[in-house]
Amino acid sequence: MKSKLCCIELFICFCVWICANLYSLFMLFEAQTEILPQNGQEMKLLKDLKPGLRFIQRPKDESDIEWSSWKYFIHISFYYLIIQFIISEIIRKFSLPILKHWYILSSVIFIASHMGVRQMIIILIQPMLYGIIIMLGGNKQSIWMTSILLLASYNSLKYKYYFWNFLDHEEMQDEEVYLMLFSVAWIELRCISYTIDYIDKRDTNKIHNFFFYNDVVNMFSYILYLPLLYTGPIILYEEFEKSFNVKYESLTLRVKRFIWDLTLLKFYSFILDIAFHYIYFFAMQDNMELVRKLPTTALCGGGLWMGLEFHMKYVISYGTTTAFARLDNIEPPPMPRCIARVHIYSQMWRHFDVGLYRFLVKYIYKPGLTIVSTLTKLPKIAHRLIASLATFVFIFMWHGTVWHIFIWSILNYLGIILEHVGKELSRHRMYEWFKINILKTDKIEAYFIALLCTPLLALSAISNFYLFAGTEIGNLFFECFINPSLWNSMLLGISLYCCCHVSMALADFPSRGCTQKLNGKSE
């Protein structure tokens, strides 16, 4: 529902929500400043607090391996990616048909020279396996069975000693190992995107029935495309293929935008690194007793910080890699929408990782909905919920089959169910009577909807804490949610209620880089 509040009311809601955020972050900083000096021995045991920048003279929280891995990738690849683009542009101008060959060769050279032969073997296993399946005439069922088996195997092997031993991890930096783990997950999505699209074209007689050399080139150039190989985001194969057929934007305009994007993202990166010198909530999670000493308002600040850091990290990571992709005329998905302006589950899925959302809708949700609708005569809402369940099963397996990811997936699915139920009830004639006779105006209905969404927003936040920080932190927030004090409940409730109004008012305000409409609706 769109906001029906007047400008003054929206301004008040915006001010309350922003002030609540700033207050909770300030309380977190104050609380950790009081707790850590009183526990000097514990502070020394926080292994992720490392010496920071000299001019700040404070320790720095370096516990986020995703963030350090991304910085490591940019550090080792930046100049290589620039050279790759220059050569790509020359090839594009004089011999476009061999550009895909260059993408493959460039990626192979980078992997072999910077990561090693064993890492290359791991990266090439999946596309080779999927290529063999479609070469043998495999169908979608065989693709999905293979994908499920690979996910199960990958999520088992990555925790086993012999997998790490194969990587010679003792001779590698931690960031190299994690980049390899991330790349395997992203490669699987690209393998599925290419092979499903290929089978669709083959089954509709748009292409031949055999897997020829050009198909191999198409597949490997997409899957191994270097800027997106290790850190994402996922760009569907059809979007990748368009880059070779669209009218090219002038080189000057592309370079200007690239420089502007990287300058802005470098500034974001600097701000985030500065913040790590002042907020130690991630590092404190090594000692849960320290976290439990935080007052509730400070704990809320910790939850907010995890969300903001998660958002900024992906804006910078996705923004940098897609800046290189845009140089190659690939139109990337919009940047993640700030978590502080989203109040319902479906919007979070639709607008945070848009590339992943498009993948899930195209390859899982819509086909699942078609199959369920054909095989059963259940109500439409049941069809949608079953298709959504299949989607969340895949999400759980892809993110990692561990307990806190399972809880996060279950809570997200429950949130989606509640949204669906709410939408169905809003179409019922009893609600129409309630709206006409009790609520009477659209503005009162907006108040009512925001009130209903407030506890759902709280549940959404807590579910994400399981994803950000694991089971112990998620359980701690749940304890505070289940047994709150009256004062804290009022503060949190008012803040989240204002957030709902802000979110409804900004619902149609696009994310940065949003030049296309999203395909379908997230469920």
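Overview of values
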read-out	value
Residue in the stretch 101-111 that is in contact (Cβ under 8 Å) with a residue 24 or more places away in the chain and among the aromatic types (Phe, Trp, Tyr) present	yes
Index of the failed condition, Asn214 passing every other in (1) under 30 Å from Ala112 (Cβ atoms); (2) open to solvent by 60 Å² or more (accessible area, probe 1.4 Å); (3) assigned to a loop (DSSP other than H, G, I, E, B); (4) polar (S, T, N, Q)	(3)
Filter pass, Ile364 being out of contact with any Leu (no Cβ under 8 Å at 6 or more places or on another chain), of a type outside the set (Lys, Arg) and either in a loop (DSSP other than H, G, I, E, B) or modelled with pLDDT of 95 or more (or both)	yes
Residue list for the stretch 311-358, filter: within 29 Å of Leu251 (Cα to Cα), in a loop (DSSP other than H, G, I, E, B) and open to solvent by 20 Å² or more (accessible area, probe 1.4 Å)	Asn329, Glu331, Asp353
Residues being assigned to a helix (DSSP H, G or I) and surrounded by 12 or more Cβ atoms within 10 Å (Cβ to Cβ) - total across the stretch 239-265	13
Complete set of residues in the stretch 438-481 that are among the aliphatic types (A, V, I, L, M), farther than 22 Å from Ser24 by Cα and either open to solvent by less than 60 Å² (accessible area, probe 1.4 Å) or without any contact (Cβ under 8 Å) to a residue 24 or more places away in the chain (or both)	Ile438, Leu439, Ile444, Ala446, Ile449
Filter pass, Trp305 being among the aromatic types (Phe, Trp, Tyr), touching a Phe, Trp or Tyr at 6+ places or on another chain (Cβ under 9 Å), touching a residue at least 12 places away in the same chain (Cβ under 8 Å) and within 24 Å of His420 (Cα to Cα)	no
Pairs with Cβ under 7 Å, 6+ apart, first in the stretch 482-493 and assigned to a helix (DSSP H, G or I), second of a type in the set (Asp, Glu)	none
Residue in the stretch 489-499 that is touching a Phe, Trp or Tyr at 6+ places or on another chain (Cβ under 6 Å), open to solvent by less than 70 Å² (accessible area, probe 1.4 Å) and within 29 Å of Trp144 (Cβ to Cβ) present	no
Selection from the stretch 63-118 of residues that are closer than 26 Å to Phe282 by Cβ, basic (Lys, Arg) and crowded, with 19+ Cβ neighbours inside 10 Å	none
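Residue-by-condition table, conditions (1) at pLDDT 90 or above; (2) more than 21 Å from Gln141 (Cα to Cα); (3) out of contact with any Gly (no Cβ under 9 Å at 6 or more places or on another chain); (4) not basic (Lys, Arg):
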| position | (1), (2), (3), (4) |
| --- | --- |
| Ile344 | no, yes, no, yes |
| Trp349 | no, yes, yes, yes |
| Leu360 | yes, no, yes, yes |
| Thr370 | yes, no, yes, yes |
| Gly400 | no, yes, yes, yes |
| Ile416 | yes, yes, yes, yes |
| Tyr431 | no, yes, yes, yes |
| Thr441 | no, yes, yes, yes |
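The values are calculated or read from the model by the stated rules, or taken from the named source; none is laboratory data. Only a predicted model underlies this, so the values are computations on that prediction, with no experimental measurement involved. Cβ: placed from backbone, ideal geometry, glycine included. Neighbour counts: every protein chain shown. What goes into the accessible areas is simple: the full protein's heavy atoms, side chains included, and nothing from ligands, DNA or RNA. Shrake-Rupley method; radii C 1.70, N 1.55, O 1.52, S 1.80 Å.
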